[in-house]
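Enquirer: To start, I am sharing the structure in question, which I have written as structure tokens.
The values are calculated or read from the model by the stated rules, or taken from the named source; none is laboratory data. Just so it is clear, the structure is predicted and the values come from calculations on it, not from any experiment. Positions of Cβ are generated from backbone atoms using ideal geometry, with glycine treated the same way; all protein chains shown enter the neighbour counts. Accessible surface is based on the protein model in full, side chains and every heavy atom, while ligands, DNA and RNA are left aside. Shrake-Rupley method; radii C 1.70, N 1.55, O 1.52, S 1.80 Å.
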Amino acid sequence: LDRGFPPERIVLCGFSQGGALALQAGLSFPHTLAGICSVAGWVPSGMPAAGSRQMPILMCHGFDDSMVPIEVARSSCKALAALGHKKVNLITFKGLRHQLSTLQFEDIMDFYRQLLPQRLEEPCSVVSIPRPTGCIVWMHDASIAGDVDEHILVRRLHQCLPDVQLILQRVPPCREGKSFGRTLLDEITEQLRKASAGGWPLSSVILGGFGAGGTAALLGLLFPQLAGLVSCSGFLADCFPEQQAEPGNDKLILLTHGVEDKIVPIASARQQREALGSYGYRGVSFSAFQDLGHQFSVEVWDNVIEFAEIALDRALE
């Protein structure tokens, strides 16, 4: 508005949390906008009734989204309809996860063209969307589950996030004269130092791990600058940092666990989540994998990649 654009020539858009924010802000704004586009988003609580304001709303969602499941998008559309919003359209994309993809652009651009017919005096410009860049430092515990194929992890990572680097490190045995927690903390400190030396600031680094590596990853709470933390099949050890979350810092944290894990039962993940909540961490998501034991699968890694895209996108803001 300050730049001279009238409300009826403005479309508010967002992805994931940005999609939820677009709906919240657009429908609460005192002026009626041209429309709202929410990709992989949801309807936050406390949304206003439509009244006489009938803005077109487009919701795009990946059918295979595990971070914000497709059921959330469907229930969001029903919630908008219950509030009186009549121009709501949901488009789902088979095979798409929690990501912003070129598959969606054709439908999104059609939506824009319908709402904003081109004026002669308005040249059409191409807007480039910055791709997430950063580094995943991954601590893998091979003591029970065995090693992982680093080439497979890198290939799948670069299919979705070509500008994100992977640093894979095996969890070391407990060093003589040092506690389990001290050994893990020393190791992640060294790996984060390597990432920084490689040109990645901590704000562009995700620290994650499997098994004891997942336990190590949560020691990353001691490094509040990190973009995010991932604990897969981890457990709550006596080395868990007992410190409150920084005000205004909703650190993104992903916990995943196999429902059939007999080595580290799924109750351990619930304990992790409860501990994080008790210290004020609100950006915690939890994925439980049916028929999965104490193992690191491709499906789990794909879930980590989805999380990394969200966390590194947020770091770009």
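Enquirer: Fully extended, how many nm does the chain gain between Ser203 and Asp250 (0.36 nm per residue separation, minus their Cα-Cα distance)? Numbers along the way, then the final one.
Expert: Numbers: separation 47, 0.36 × 47 = 16.92 nm, distance 1.33 nm.
Roughly 15.6 nm would be gained on extension.
Enquirer: To test your reading of the geometry: what angle, between 0 and 90 degrees and rounded to tens, separates the Cα axis of helix 70-82 from the longest principal axis of the chain?
Expert: Taking Cα atoms only, the helix is inclined about 40 degrees.
Enquirer: Any idea what the relative contact order of the chain is, in percent, if you count C-alpha pairs under 8 Å spaced at least 6 apart?
Expert: Values: 574 pairs, mean separation 39.6, N = 317.
Over the chain, the number comes to 12 percent.
Enquirer: With a 1.4 Å probe and every protein chain kept in, tell me what percent of the accessible surface of the chain is carbon plus sulfur. Numbers along the way, then the final one.
Expert: Working: 8250 of 15530 Å².
Its accessible area is 53 percent carbon and sulfur atoms.
Enquirer: Quick check for you: which residues of the stretch 148-184 have the amide N under 15 Å from the point 7 Å beyond the Cα of Ser101 toward its beta carbon?
Expert: Backbone N within reach: 156-162.
Enquirer: Another one. What dipole magnitude, in Debye to the nearest 20, does the stretch 202-314 give about its Cα centre under +1 on Lys/Arg Cβ and -1 on Asp/Glu Cβ?
Expert: Numbers: 6 positive and 13 negative charges, 47 e Å.
I would put it at about 220 debye.
Enquirer: Would you mind working out the magnitude of the charge dipole of the chain relative to its Cα centre, with +1 at each Lys and Arg C-beta and -1 at each Asp and Glu C-beta, to the nearest 20 Debye? Write down the numbers at each step before the final one.
Expert: Working: 26 positive and 33 negative charges, 144 e Å.
Its charge dipole is roughly 700 debye.
Enquirer: While we're looking at this one, here's another question. I'd like the orientation of helix 150-160 relative to the chain: the angle between its Cα long axis and the longest Cα principal axis, in ° from 0 to 90, rounded to 10.
Expert: 10
Enquirer: What residues qualify as long-range amide H neighbours of Val284, i.e. H under 5 Å apart, gap of 5 or more or another chain, H built at 1.01 Å from N?
Expert: Ile253
Enquirer: Something else: Report the charge-dipole magnitude of the stretch 216-279 in Debye, nearest 20, computed about the Cα centre from +1 at each Lys and Arg Cβ and -1 at each Asp and Glu Cβ. Could the numbers behind the result be given before it?
Expert: Details: 4 positive and 7 negative charges, 23 e Å.
Using Cβ point charges on Lys, Arg, Asp and Glu, the stretch 216-279 gives about 100 debye.
Enquirer: Sticking with this one: Give, in nm to one decimal, the length gained when the segment between Ala267 and Phe5 is fully stretched (0.36 nm per residue of separation minus the Cα-Cα distance). The partial results should precede the final answer.
Expert: Numbers: separation 262, 0.36 × 262 = 94.32 nm, distance 5.31 nm.
The span from Ala267 to Phe5 would gain 89.0 nm if fully extended.
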